[in-house]
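These notes concern the structure reproduced below.
The values are calculated or read from the model by the stated rules, or taken from the named source; none is laboratory data. Quick caveat, the model's predicted, so the values are computed rather than measured. Quick reminder, even Gly has a Cβ in these numbers, built from the backbone with ideal geometry, and neighbours come from all protein chains shown.
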């Protein structure tokens with residue numbers, strides 16, 4: 001089982017590889033794209049965070065690609081914005097031709113039309129969570145377009161994930177494991193990630209609260225207050241899926257994804273270390289129960305105890321969302 005991590009500087013690739021990273025992904029910016037489309041169309045899902053998440057121009061991407069390959073690691077490039085118009089697809093075709101010449105291992109795409117371009121150019125395709133592959137029917141469409149690897153959306157239950165894996169054993173499956181959970185479905189969110197506001201969900205999280213209506217009892221007002229604090233402070237605080245590692249191995253999931261293209265290298269390294277440790281524990285365990293009794297928890301366990309930041313809460317809390325319903329009530 002591989003661990004995929006983001007990189008923003010080629011100087012970090014060696015240290016992250018030494019921490020246990022098996023694969024990398026990277027974004028880029030392009031001045032000509034920004035001058036024509038800035039504030040209207042992203043080049044990738046993190047374009048709005050500018051160089052904090054996209055340190056390299058397209059021409060400069062050769063540096064991290066060559067460094068990853070020198071260490072015999074694969075590296076993927078993100079072209080996963082919410083939408084591209086026909087003129088932008090022509091520009092993306094030029095970018096993909098250059099990325100193929102750089103020997104990038106694959107393109108993380110959000111649009112089946114971009115997948116078709118990649119197939120035409122003979123470069124690997126990874127269907128991002130922006131594609132919204134929630135079932136075997138959608139997966140079949142992407143498989144017929146030449147997609148060989150799929151990133152499963154954050155909110156897919158393990159049983160539904162297994163159904164897709166069993167139906168398409170030839171596809172590599174990548175799942176979210178650490179950091180940066182989201183309240184929404186990427187494929188159905190047209191909000192931008194950008195300064196100064198961050199993501200749409202962050203704006204909603206920290207917006208002013210107002211209790212509407214009249215004649216609320218003290219008890220009901222108290223419930224509103226605690227519910228708001230719980231979801232503001234604990235829900236998707238630092239998302240984690242490590243309780244599911246044993247099950248994911250049993251399901252033949254190929255890759256665990258650590259998110260955070262704008263995060264600090266040291267934070268990513270810590271996540272790699274604990275995930276790799278838990279993979280080793282899971283591989284030596286004979287059952288889910290044994291793994292859960294011996295796994296290493298993240299340093300911030302307060303969110304673990306309530307199940308509010310679990311990528312796969314069904315492992316410890318039963319049916320996905322059950323704990324959230326309990327909190328609401």
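Structure above, values below:
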| quantity | calculated |
| --- | --- |
| Spans of helices (runs of 4 or more DSSP H) in segment 214-329 with at least 1 residues at pLDDT 75 or above and closer than 24 Å to residue 165 by Cβ | 245-250, 265-284, 288-294, 314-317 |
| Condition check for residue 153: modelled with pLDDT of 90 or more and in contact with a helix residue (DSSP H, G or I) (Cβ under 6 Å, 6 or more places away or on another chain) | yes |
| Qualifying residue in segment 71-78 (condition: modelled with pLDDT of 90 or more, in a strand (DSSP E or B) and either touching a helix residue (DSSP H, G or I) at 6+ places or on another chain (Cβ under 6 Å) or over 26 Å from residue 166 (Cβ atoms) (or both)) | yes |
| Among the residues listed as 44, 8, 54, the single one being touching a strand residue (DSSP E or B) at 6+ places or on another chain (Cβ under 9 Å), assigned to a loop (DSSP other than H, G, I, E, B), within 18 Å of residue 126 (Cα to Cα) and modelled with pLDDT under 90 | 44 |
